[in-house]
1. Can you tell me which residues in the range 297-321 are exposed (fewer than 15 other Cβ atoms within 10 Å of the Cβ) and either part of a loop (DSSP other than H, G, I, E, B) or among the small types (Gly, Ala, Ser) (or both)?
2. Please name all residue pairs, on different chains or six or more residues apart, with Cβ atoms under 6 Å, provided the first residue is in the range 450-479 and is outside any helix (DSSP H, G or I) and the second residue is surrounded by 15 or more Cβ atoms within 10 Å (Cβ to Cβ) and of a type in the set (Lys, Arg).
3. Can you confirm whether Asp86 is surrounded by fewer than 20 Cβ atoms within 10 Å (Cβ to Cβ), within 16 Å of the ligand (Cβ to nearest atom) and in a loop (DSSP other than H, G, I, E, B)?
4. Look through the range 16-60, keep the residues that are away from the ligand (no atom under 15 Å from the Cβ) and outside any loop (DSSP other than H, G, I, E, B), and return whichever of them is surrounded by the fewest Cβ atoms within 10 Å (Cβ to Cβ).
5. Taking the criterion of being in contact (Cβ under 8 Å) with a residue 12 or more places away in the chain and assigned to a helix (DSSP H, G or I), would at least one residue in the range 358-367 satisfy it?
6. Filtering the range 61-81 down to residues that are assigned to a loop (DSSP other than H, G, I, E, B) and surrounded by 22 or more Cβ atoms within 10 Å (Cβ to Cβ), which residue is nearest to the chain's Cα centre (by Cα)?
7. Looking only at the range 138-186, which residues are within 30 Å of Trp210 (Cα to Cα), in a strand (DSSP E or B), more than 16 Å from the ligand (Cβ to nearest atom) and of a type in the set (A, V, I, L, M, F, W, C)?
8. From the list Arg163, Arg148, exactly one residue is more than 16 Å from the chain's Cα centre (by Cα) and under 25 Å from Asn96 (Cβ atoms). Which is it?
Amino acid sequence: MASYETVIGFEAHCELLTESKLWCGCPNRFGGEPNTQTCPICLGMPGVLPVLNRKAFELAMRAALALGCRINRDSFFDRKQYYYPDLPKNYQISQNYRNLGEEGRVTFEVDGKERSVGIWNVHLEEDAGKGMHAEAAGADYSLVDLNRAGVPLLEIVTGPDLRTVAEAESFMDTLRQILLYAGVSDCKMQEGSLRFEPSISLRPAGQEGWGTRVEIKNLNSMKAVSSALEYEIERQSELLDSGGSVAQETRLWDEARGETQAMRTKEEAHDYRYMPDPDLIPVQISDDWLEKVRTSVPELPLERRRRLVRDLGLSDYDAGVLAGERETADYFEACIAAGASAKTAANWVMNDVLRECRQRSIPLTDFALSPDALAGLLAILEAGRINVPTAREVFVKMLESGRDAETIVREEGAEQVGDESALEPIAQSVLEANPRMVEDYRKGKKKVIGAIIGMVMRETKGKANPQVVRPLIERLLNE
Ligand SMILES: [Zn+2]
């Protein structure tokens, strides 16, 4: 069997987070009753005039800048003519002759190694409606829901720079993180607001020229993308091994069968008869406007993760979890700004805070404890006034009551006992009550000390400072 190099590129589509559609005032909202969010403009009636949604254009600019693109300052729209059952005017308004952004790059990591993919172009277009095919046996009709027609859509086209499925997966994760960080889309793949269409070809290892590429559609999750790519690698290499050739075509992923199926041969650009849209005036992007949008691009996830490692000394893993979502990183850094130490805050945010959010099915932005309130608890913990198990109890009480940590610790007398003279009689009585353990310890079974510490902790209702208890018991046992 010959050895092949896999070549993968992507077209990604993401719906932009606007209130209204791209050319009309209809709401841009997922899940309404079919055809209730429509008007003569998005229904494609003759004689109507589209008007560009400024917010959508700005979000597209921000996304293009976050993806490292150069912005073309004179931007205009074209009609992509085709027969679209789900777009009644039978053309899609898109950007063919002048992309909004070009020559970007996305950097990501695979197994700790830095890789990157070129972004050929980013352009703004409108989404189409949704065909709904009757599923009842014998049904021979289809329905169409045009709520989605005219929703602002960003198309992102990468170069054929990816070489493995793992790289494709890391790229998809990273692109999603960037778009979420930039606040341009909610990126819900299950609702179709983020869609990936990979193209994949194989070539004999060492060959310069490209192999014949296949595009894959109908992928509703990143897992489906991975499965479809794995399937195509196997299908294409078997074809090439047996002396056959790969057809240039679009294939559909069949989730139930776990295979791709031929859908149609690839259209060429001339099939679409692109032409500039005469209804829409060109958009000139001024220096001021571009600068204003540029300053709205946040620090991106990979940079932020590296900064957390570099400046705060976090492990790469912890920094990756915290920087994975902008809200988490913001919350964590607000705890630090309120005086918490990096390592302690990282542990509490990653474990306790995120767990509570998951259990309540709420986003971190709706979490009841402010970063200041958590930092207040952590300050008491780090000062040694309470131990970790008590801190966990106080954390739960803060969530339940809304009171601050200081008040709870004071009112409930939760401060730990770190005074040796107060702990010594308790430790003495525990040792006297357990002569077997004392004997075991003195014969060399040092591990029993754990059980003895546990008993002292129980006697003090968990308030003894274990860091004081251990040396105290060691001293008493060795006397
Ligand atoms: Zn409309």
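The values are calculated or read from the model by the stated rules, or taken from the named source; none is laboratory data. None of these values were measured; they are calculated from a predicted model. Cβ placement follows ideal geometry from the backbone for every residue including glycine, while neighbour counts extend to all protein chains displayed.
1. Glu299, Gly313, Ser315, listed by residue number.
2. none
3. Taking the combined requirement at face value, the residue satisfies it.
4. Arg54
5. yes
6. Step by step, filter the range 61-81, then rank; the result is Leu67.
7. Correct list: Leu154, Ile156, Val157, Leu162.
8. Arg148
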